[in-house]
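Only the coordinates and a few stated rules stand behind these numbers; no lab work does. It should be emphasised that the depicted structure is a prediction, and the values quoted were computed from it without experimental measurement. FYI the Cβ positions are ideal-geometry reconstructions off the backbone, even for glycines, and counts take in every protein chain you see.
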Amino acid sequence: MLLALRFCLIVLGASAITIALSILLVGAEATAATAEGVFNTVSRWRGPPGEHWPPTMDSELRFYAALWGAYGIVLLRAAWGVPRTLPQAPWLAAIFFAGGVGRVLSRVTVGAPHPFFTLLMVIELSLPVLITLLWLGARARLRGRP
């Protein structure tokens, strides 16, 4: 359980840092276009490309990318500190889940995004559940319960 939890935290943390650096250095639209292109190739989805991202949105997302990168650093620090940092796991999962809820609200109020972003929403709503289950199992084993 601890190893699986650590793995999830490392993958999520490294992904957050990588995405944050991409958005900061090359921009939100270029980062999204690359991700959408990979998704389209792998899934063979042939729908319309993502929409143009205006400068205000790019500015806003580059600002938030720094926070997303910081979240990634916190995830990696928590992963390296397991089991000492075990109590942080559900809180970190909740933050990620809240991001998924934000995507749901956007979908409901603004409309469906490119399918890649729907996939991200599914990950953001399901991975926190897995992390929480792993946390519960690891906590129980550390307390001596089967």
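A few notes on this one:
- Remark: the stretch 1-80 carries a charge dipole of roughly 360 debye about the Cα centre, counting +1 on each Lys and Arg Cβ and -1 on each Asp and Glu Cβ.
- Sequence of 52, 114 once ranked by neighbouring C-beta atoms within 10 Å, starting from the fewest: 52, 114
- Residue among 50, 13, 111 with the largest mean-square fluctuation in a Gaussian network model of the chain, springs linking Cα atoms under 10 Å: 111
- Think of the chain as a dipole: +1 on every Lys or Arg Cβ, -1 on every Asp or Glu Cβ, centred on the Cα centre; then among 35, 61, 5, 5 lies furthest on the positive end.
- Each of (1) -0.27, -0.48, -0.76, -1.30; (2) -0.32, -0.56, -0.82, -1.25; (3) -0.28, -0.52, -0.85, -1.64 is a candidate for log10 I(q)/I(0) by the Debye sum over Cα atoms at q = 0.09, 0.12, 0.15, 0.20 Å⁻¹; the one calculated from this structure is (2).
- In plain terms, the residue of 1, 57 with the fewest other Cβ atoms within 10 Å comes first and the most crowded comes last, giving 57, 1.
- Remark: the stretch 40-146 carries a charge dipole of roughly 620 debye about the Cα centre, counting +1 on each Lys and Arg Cβ and -1 on each Asp and Glu Cβ.
- The trypsin sites (Lys or Arg not before Pro) of the stretch 34-140 that meet both conditions, a loop assignment by DSSP and at most 10 other Cβ atoms within 10 Å of the site Cβ, are 44, 46, 84.
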